[in-house]
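What follows is one structure encoded as structure tokens, with my remarks underneath.
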Amino acid sequence: MRFRYNRLAAVALAAALAGTTAACGGNGSSAPESASAQDFGPYSAQRPDGKYDQGANRARGMITESLRLGERVVFGSEIAPEVSAERYADVIVGERGLPGIQLHQAAAAQPFNPYGGFTAEAADIPYLGEHLKQPLVKVTLIAFPDEPSAAAAAAAMESADFALNGSNTPVSVPEFPAALSHWIPSYADIGSWMAYKSVVISVIAETREPKLDQLTALLTKTYQQQVRKLADYNPVALGDLESLPFDRDKLLTRLVSTGDNLPDARKFAVYGPRMYAAMTSSNPADVAREYADQGVEAVAVSDNKYLFKLRDADTAKSFTSYLTDTPTVSRYVRMDGLSGAGEVACFRAAAPNPTEPQARRFRCLVPHSSFVAEVFSDQEADVRQLAAAQYALMKDGE
């Protein structure tokens, strides 16, 4: 029942490469101190089309529904203080099924036609600790066409996992009698599967000591909070999945095109503030609260560019200041921006960020109307050209 992926796995690699990244605050570019707002370099300021949302596409619909599920995944801090550090969160479905979960679990679920899935893991620390010797909760949500399918899938997944080890022992959860659970006595973890409406909730919980009462208490808290989060979830009908809009408000067309613009849960997608916090922060509850206070309504991601949709123009200005002033690992410091576009603010990293797999030495903020774009690059001249194209697209591409 154990599967683990760490979104901060890049930390070790970044530390090993510290000698090459520590100079990220230096001036290794021959770019001028300021650049023209008309210099787009290789970038187009034309608003990209929305072909990614045209026609019937099941894979696109599965990603979209998975992201909708992700908006409702429980944060560790909402379960218990000992699992308040979020480790990772991600979509687990693909065109070929459920590549994001263990093979025996995916094989058990597949006959029941899963069409959306999301997983999140939280623990006492935001990086991997000693296995089975720390508090941990991993929650996986999988959408099925109807309630009978979900119930059958939960039973099949639990049975497949139970059969892996002859020492597995059934466990009951009094508050949730529909939960199918088991553990290996003397091991400090428990696995559980429960159908709630048309969604299977899968939970793996760990504690420091192999005490069943502690494990079932943590499991119960997890189900309590996760069921609350799913109470208002209205799944898309399976027949409507292929036509489900990926980008209903066309936010991705407001970002400069630099890739193939194919739906991707991490590189080309639109998130609600809660979903975005879950996928990008080890403390998503606080970040989501900050976004709510700042008026963030949605976030679009396209490669190295981010678009924040705010309530109105005033909150966009306020949010630009928030992004400018909020401390980051990279400790960005102000540098000259674009001549002729004083509202564009650009920054240079003063320190490397070992939690980022992609280089982000330079950064610009581009506000316009009720939107704020944030663009990154590893080259100073390039980030200004990208910012110039983004500025022109937002200003002239309405």
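Rule-based calculations on the coordinates, nothing more; no lab input. Computed from a predicted structure; not experimentally measured. For neighbour counting, all protein chains shown are included, and Cβ atoms are generated from backbone atoms with ideal geometry for every residue, glycine included.
Rounded to the nearest 500, the helix-only mean residue ellipticity at 222 nm of the chain stands at -9000 deg cm²/dmol, with each DSSP H run of n ≥ 4 adding -39,500 (n - 2.57).
What's the Cα-based Rg to Rh of the chain, Rh via Kirkwood?
Values: Rg = 22.6 Å, Rh = 22.4 Å.
Ratio of gyration radius to Kirkwood radius for the chain: 1.01.
When the Cα atoms of segment 164-298 are aligned to their principal axes, the ranges along those axes come out at 55, 37, 28 Å in descending order. Among the listed pairs LYS133/LYS221; LYS221/LYS305; LYS197/LYS317; LYS138/LYS211, those whose Cα-Cα separation exceeds 30 Å are LYS221/LYS305; LYS197/LYS317.
Against the compact-protein benchmark of 2.2 N^0.38 Å, the Cα-based radius of gyration of segment 83-180 scales to 1.17. For segment 319-357, the residues whose amide N sits under 20 Å from a probe point set 7 Å from the Cα of SER369 along the beta carbon direction are 319-321, 341-345. Net charge in the neighbourhood of GLN105 (other residues with Cβ under 10 Å of its Cβ; Lys, Arg +1, Asp, Glu -1) is -2. Cα centroid separation, segment 34-92 to segment 194-251: 19 Å. Rounded to the nearest 10 degrees, the inclination of helix 284-294 to the longest alpha-carbon principal axis of the chain is 40 degrees.
Taking VAL171, VAL73, VAL372 in turn, the Gaussian network model of the chain (Cα-Cα springs below 10 Å) assigns the largest fluctuation to VAL171. Working note: Karplus 6.51/-1.76/1.60 with θ = phi - 60° gives segment 107-123 the couplings 5, 5, 7, 4, x, 9, 6, x, 9, x, x, 8, 9, 8, 10, 9, 8 Hz, where Gly and Pro are set to x.
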